[in-house]
1. Looking at E87, E155, E83, can you tell me which residue is among the acidic types (D, E) and under 21 Å from F29 (Cβ atoms)?
2. Just to check your reading of the model, which residue among A35, A84, A72 is outside any loop (DSSP other than H, G, I, E, B), of a type outside the set (F, W, Y), surrounded by fewer than 16 Cβ atoms within 10 Å (Cβ to Cβ) and out of contact with any helix residue (DSSP H, G or I) (no Cβ under 9 Å at 6 or more places or on another chain)?
3. Does A68 satisfy being in contact (Cβ under 8 Å) with a residue 40 or more places away in the chain and more than 12 Å from L102 (Cα to Cα)?
4. Within region 1-28, take every residue that is within 13 Å of the chain's Cα centre (by Cα), of a type in the set (A, V, I, L, M, F, W, C) and not in a loop (DSSP other than H, G, I, E, B) and give me the one that is surrounded by the most Cβ atoms within 10 Å (Cβ to Cβ).
5. For region 48-63, which positions are at pLDDT below 95 and either crowded, with 17+ Cβ neighbours inside 10 Å or part of a helix (DSSP H, G or I) (or both)?
6. Within region 52-89, track down each residue that is more than 12 Å from the chain's Cα centre (by Cα), farther than 14 Å from A107 by Cα and of a type in the set (S, T, Y).
7. Under the condition of being hydrophobic (A, V, I, L, M, F, W, C) and touching a Ser or Thr at 6+ places or on another chain (Cβ under 8 Å), which residue from region 51-69 is nearest to G13 (Cα to Cα)?
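The values are calculated or read from the model by the stated rules, or taken from the named source; none is laboratory data. Computed from a prediction, not measured in an experiment: that's the story for all the values here. So basically every Cβ, Gly included, is an ideal-geometry build from the backbone, and we count neighbours across all protein chains shown.
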Amino acid sequence: MSRPGSTLILGIGNSLLQDEGAGIHAMNFLREALADRDDITFLDGGTLSFSLASAIEDTSRLIVIDAANLNAAPGHSQVFEGEAMDEFLGSNRKRSVHEVSLLDLMAIAHLADHLPPRRALIGIQPDRIDWGEHPSPAVAAALPQVCSQAMKILEGWR
């Protein structure tokens, strides 16, 4: 799916459950904003599955965007880069409707010795997880900031 040396931007979530789809909404926004970049692969990871492991293993730079419990105000976003991402995933084992967790996928990549050396997670504090195709007003208002954070990460990796 992605190419070695490229960046994979992976949006995670269920876009039918309002803020649970925040990662997908942000990834789609970035796909439009960065359409001219041929060094970036955009992937809708949905609610995760083991099939994503190869995409993660095949890239050297990974940005994951997902709704996350940050114990913050709705719409707050936070960047976890490198080992900080690993620590956050290991300490934040939330119950999930996903088939597998992001922690599982990262563990598979680590065990195969293919963990992307440059990796970051942008977590977005959800407000509402209920049926609906659009994020809550707080999360929708935060999406430009989330995309700005992703672009700042990309620039730092150049």
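1. On the way: E87 fails: under 21 Å from F29 (Cβ atoms); E83 fails: under 21 Å from F29 (Cβ atoms).
Only one candidate qualifies: E155.
2. That would be A84, the only listed residue that is outside any loop (DSSP other than H, G, I, E, B), of a type outside the set (F, W, Y), surrounded by fewer than 16 Cβ atoms within 10 Å (Cβ to Cβ) and out of contact with any helix residue (DSSP H, G or I) (no Cβ under 9 Å at 6 or more places or on another chain).
3. Here the answer is no, as A68 does not meet what is asked.
4. Residues of region 1-28 within 13 Å of the chain's Cα centre (by Cα): 7-14, 20-28.
Adding the requirement that they be of a type in the set (A, V, I, L, M, F, W, C) leaves 8-10, 12, 22, 24, 26-27.
This time we only want the ones that are not in a loop (DSSP other than H, G, I, E, B), so: 8-10, 22, 24, 26-27.
On the way: L8: 24, I9: 27, L10: 27, A22: 33, I24: 24, A26: 31, M27: 26.
Filtering region 1-28 for residues that are within 13 Å of the chain's Cα centre (by Cα), of a type in the set (A, V, I, L, M, F, W, C) and not in a loop (DSSP other than H, G, I, E, B), the one surrounded by the most Cβ atoms within 10 Å (Cβ to Cβ) comes out as A22.
5. First, the residues of region 48-63 that are at pLDDT below 95: 48-60.
Result: L48, F50, S51, L52, A53, S54, A55, I56, E57, D58, T59, S60.
6. The answer is T59, S60.
7. Looking only at region 51-69, we keep the residues that are hydrophobic (A, V, I, L, M, F, W, C), and these are 52-53, 55-56, 62-65, 67-68.
Filter again for touching a Ser or Thr at 6+ places or on another chain (Cβ under 8 Å), leaving 55, 62-63.
On the way: A55: 17, L62: 16, I63: 14 Å.
Going through the qualifying residues, I end up with I63.
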